[in-house]
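Remarks on the structure that follows.
Quick note: the coordinates plus some simple rules give every number you see, no bench work behind them. Everything numeric here is computed off the predicted structure, so don't read it as measured data.
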Amino acid sequence: ILLIFRFFIGISFINDNESSKLFDNSFLILHIITSLLAYSLITISLVTSFCTFIQDSYIKKMKFNKILNDSLPSIYESELLSVRFLYLTIIFLIISLLSGLYYFIESGQELIYFFNEKVILSLITLFITVLIIFIRKLRGLSGQMVFKMILLSFIFITFSYFGIRLLA
């Protein structure tokens, strides 16, 4: 992905020195890699929590589907995987925000311009994921509620990475 990104940056710049300077900063590369990892991990967490949600709803309705039961992991394993991926999402999201902040400060711009819609939505996503973990540890959450909260944080991080322009 980074090679494709570098290729498009290289095409957009006429002078090769400008495009190569962009990838000289290790904090920018760290920011891009950790952002992609955080987005992919929250996507995996969403999928595993969706598995929990589906199995829980089938059990409550007293419907049993042999194909579904054989292909999906147990509710306990799905919920455990979902929470573990949330922990990793929090770690990579914090690293991504901090490396982006350091790159922004290093570029010499004023700090107030750092807090744009992408950063605010990423911070909201971070808050929601930490809240999921905290409430789950404190008093427990149902699989359905965990799924809804992870879906909400996934929507925020999707708008953060792909921009608010998707709504317009």
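Shape analysis of segment 47-168 places it in the prolate category; the axes a ≥ b ≥ c from the Cα gyration tensor give an a/c of at least 1.5, with a/b above b/c.
Under the Kirkwood approximation for Rh and a Cα-based Rg, what ratio Rg/Rh is obtained for segment 26-66? It would help to have the intermediate numbers written out before the result.
On the way: Rg = 17.0 Å, Rh = 12.3 Å.
With Rg and the Kirkwood Rh in hand, the quotient comes to 1.37.
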